[in-house]
């Protein structure tokens, strides 16, 4: 565990935390495995990091792209889950 230096400026501590969090988004995680398995909902660390960065007036195009990709995959997973849940006769009428 890293303990912050009391003399380190708050902005630098926030920046360092955001960088560390963003770097961890690139490694395989249970969220990535859940997305690949078709989960329609997951806990979103990427959105949390994006929201905290926005509150601090910071943006990271790479993070924005991760959020966009995860949003798109979740939407596709939800559509698949909805289609699978419909009885076959309803699926034919709505197709």
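No value in this document is a laboratory result; all are computed from the given coordinates. Quick caveat: nothing in here was measured; it's all calculated off a predicted structure. Methodologically, a virtual Cβ is constructed for each residue, glycine included, from the backbone with ideal geometry; neighbour enumeration extends over all protein chains shown.
Odds and ends about this structure:
- Computed lengthening from residue 12 to residue 69, 0.36 nm per intervening residue step minus Cα-Cα distance: 17.7 nm
- Efficiency of FRET between residue 58 and residue 31 - r from beta-carbon atoms, R0 30 angstrom, step 0.05: 0.85
- Rel. contact order, % - alpha carbon contacts under 8 angstrom, at least six apart, region 10-94: 31 percent
- A quarter of the convex hull surface defined by the alpha-carbon atoms of region 10-94 gives 6.6 nm² as the mean projection.
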